[in-house]
Amino acid sequence: DAGITQSPRYKITETGRQVTLMCHQTWSHSYMFWYRQDLGHGLRLIYYSAAADITDKGEVPDGYVVSRSKTENFPLTLESATRSQTSVYFCATSPTGAVWNSPLHFGNGTRLTVT
Amino acid sequence: KQEVTQIPAALSVPEGENLVLNCSFTDSAIYNLQWFRQDPGKGLTSLLLIQSSQREQTSGRLNASLDKSSGRSTLYIAASQPGDSATYLCAVLHSGNTGKLIFGQGTTLQVKP
């Protein structure tokens with residue numbers, strides 16, 4: 001049972017480049033989330049999705065794009081990477097219709113460095 | 001705007017000690033409060049979830065309490081062990097925000113053998 005797989009685990013990219021972080025889940029959970037974790041800011045929600053083809057902005061969506069054509073995948077794209085997007089990115093999921101009383105399940109994260 | 005605060009930011013205790021981690025939130029209109037554990041270089045692992053109508057939840061040596069009216073939660077760890085060393089984060093699911101957890105910045109715990 002792989003659960004949530006994030007790829008790559010580490011990524012170094014240059015300012016201005018486009019980069020996509022992948023998230024794949026094997027549980028068929030309805031809800032999927034992207035968080036970034038930074039010292040001094042904790043975890044902040046970037047985007048989330050309630051189901052395939054349904055996405056919504058979180059707290060810090062600027063500079064990011066998401067899509068969800070399939071339930072199991074929720075890629076996060078940085079259209080033109082900036083140094084301020086250097087962070088650790090976490091994907092999380094929650095079961096269908098139970099976001100209120102089910103905990104989030106997190107992937108192991110992608111550490112992104114923008115030079 | 002909901003804000004979540006965890007105090008202290010870091011804590012070091014000898015093995016075997018009972019300890020309490022604190023979490024406070026500014027808006028009592030929450031659906032639930034969750035406690036997570038994060039090991040270095042890893043994702044978050046859910047420890048306990050307390051529904052807004054509940055007062056506490058227990059799992060093994062862990063006990064989490066919730067006082068919505070005062071905007072506080074505590075995580076009690078009994079008989080601490082070196083393996084408990086990690087960062088502990090609390091998060092609230094704010095009413096009206098679908099699935100949007102608001103996180104505190106965490107308490108980093110070190111349990112010394």
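Scan the range A:69-86 and give yes if some residue there is out of contact with any strand residue (DSSP E or B) (no Cβ under 7 Å at 6 or more places or on another chain) and at pLDDT below 90, otherwise no.
Checked the range A:69-86: no residue is out of contact with any strand residue (DSSP E or B) (no Cβ under 7 Å at 6 or more places or on another chain) and at pLDDT below 90.
Take residues that are among the β-branched types (Val, Ile, Thr), touching a Ser or Thr at 6+ places or on another chain (Cβ under 9 Å) and farther than 19 Å from B:Lys100 by Cβ and tell me which of the strands (runs of 3 or more DSSP E) falling wholly in the range A:1-81 contain 2 or more. Give the derivation first.
Values: elements: A:4-7, A:10-13, A:19-25, A:31-38, A:42-51, A:54-57, A:64-66, A:76-78.
Correct list: A:10-13, A:19-25.
Check A:Gln85, A:Gln37 and return the single one that is buried (at least 16 other Cβ atoms within 10 Å of the Cβ) and either basic (Lys, Arg) or within 23 Å of B:Phe36 (Cβ to Cβ) (or both).
A:Gln37 is the lone residue from the list that is buried (at least 16 other Cβ atoms within 10 Å of the Cβ) and either basic (Lys, Arg) or within 23 Å of B:Phe36 (Cβ to Cβ) (or both).
On the given criteria, is A:Gln18 within 14 Å of another protein chain (Cβ to nearest Cβ), in contact with a strand residue (DSSP E or B) (Cβ under 8 Å, 6 or more places away or on another chain) and farther than 24 Å from B:Glu3 by Cα?
Judged against the criteria, A:Gln18 is not a match.
Among the residues of the range B:88-113 satisfying the criterion of being farther than 16 Å from A:Arg44 by Cβ and polar (S, T, N, Q), which is modelled with the lowest pLDDT?
Pass one, the range B:88-113, residues farther than 16 Å from A:Arg44 by Cβ: B:88, B:95-96, B:98, B:107-113.
Now restrict to residues that are polar (S, T, N, Q): B:95, B:98, B:107-108, B:110.
Details: B:Ser95: 67, B:Thr98: 64, B:Thr107: 96, B:Thr108: 96, B:Gln110: 97.
Across the range B:88-113, the extreme among qualifying residues is B:Thr98.
Does at least one position in the range B:89-106 carry a residue that is hydroxyl-bearing (Ser, Thr, Tyr) and either touching a helix residue (DSSP H, G or I) at 6+ places or on another chain (Cβ under 8 Å) or in a strand (DSSP E or B) (or both)?
no
In the range B:1-53, which residues are open to solvent by less than 40 Å² (accessible area, probe 1.4 Å) and of a type in the set (Val, Ile, Thr)?
B:Val4, B:Val13, B:Ile30, B:Ile50
Here's a check for you: in the range A:96-115, which residue that is modelled with pLDDT under 95 and in a strand (DSSP E or B) is most open to solvent (accessible area, probe 1.4 Å)?
A:His105
Determine if the range A:62-72 includes at least one residue that is under 12 Å from the mean Cα position of the chain (by Cα) and closer than 25 Å to B:Glu3 by Cβ.
Yes; the residues of the range A:62-72 include at least one that is under 12 Å from the mean Cα position of the chain (by Cα) and closer than 25 Å to B:Glu3 by Cβ.
The values are calculated or read from the model by the stated rules, or taken from the named source; none is laboratory data. Note that the structure is predicted; figures quoted are calculated from it, not measured. Every residue, glycine among them, receives a Cβ derived from its backbone with ideal geometry; neighbour counts consider all protein chains shown. In case anyone asks, the SASA skips ligands and DNA or RNA and just uses the protein heavy atoms, side chains included. Shrake-Rupley method; radii C 1.70, N 1.55, O 1.52, S 1.80 Å.
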